[in-house]
1. Using the basic label-point model (7 angstrom from Cα toward the beta carbon), what is the GLU63 to THR50 distance in nanometres?
2. Over segment 28-131, give the accessible area per residue in Å² for a 1.4 Å probe, as an integer.
3. Return the carbon/sulfur percentage of the accessible area of segment 11-131, one whole number, probe 1.4 Å, all protein chains in place.
Amino acid sequence: MVSSGWGEDLQTPPGTNRVAVTVHNDQGRLCTVAVERVASGTDRLRYDGTESAVAELTPDVIERLFVALSVSGRTAIPTRCSGGGACTLLIIGQRDGTRVYFHAATAFGAVLDRDAVDDLRTAVERLLQRG
């Protein structure tokens, strides 16, 4: 797992702060899940792997995501994609880690170990505190 703190990344637009965790998808390929705070005030959850997906993080979605990353079981969180279409985040908490799926499709999923979940939860918690 590789994690970066709040800071700009070469692949994100200027003025975007991001916390990213590098993990594997269900097929074992490297992928990245990042919480991004964009200068325009929009918060996002981004998946970059063989495909890319970006979900908007509204205050309600942030709160539900924070809880979902803390518990075992399945949680479906309806939100919007950055392009404006509907998106569902499916969070599956298990003993050995958590799976995060975008659009509830396995093609856009990441398998996070406990350390990666903790890093992602910390980033989401910062969004909650910013309120």
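1. 3.7 nm
2. That works out to 48 Å² per residue.
3. 47 percent
The values are calculated or read from the model by the stated rules, or taken from the named source; none is laboratory data. All values derive from a computational prediction rather than experimental measurement. Backbone-built Cβ (ideal geometry, glycine too); neighbour counts: all protein chains shown. To get the accessible areas, we keep the full protein, side chains included, count just its heavy atoms, and leave off ligands, DNA and RNA. Shrake-Rupley method; radii C 1.70, N 1.55, O 1.52, S 1.80 Å.
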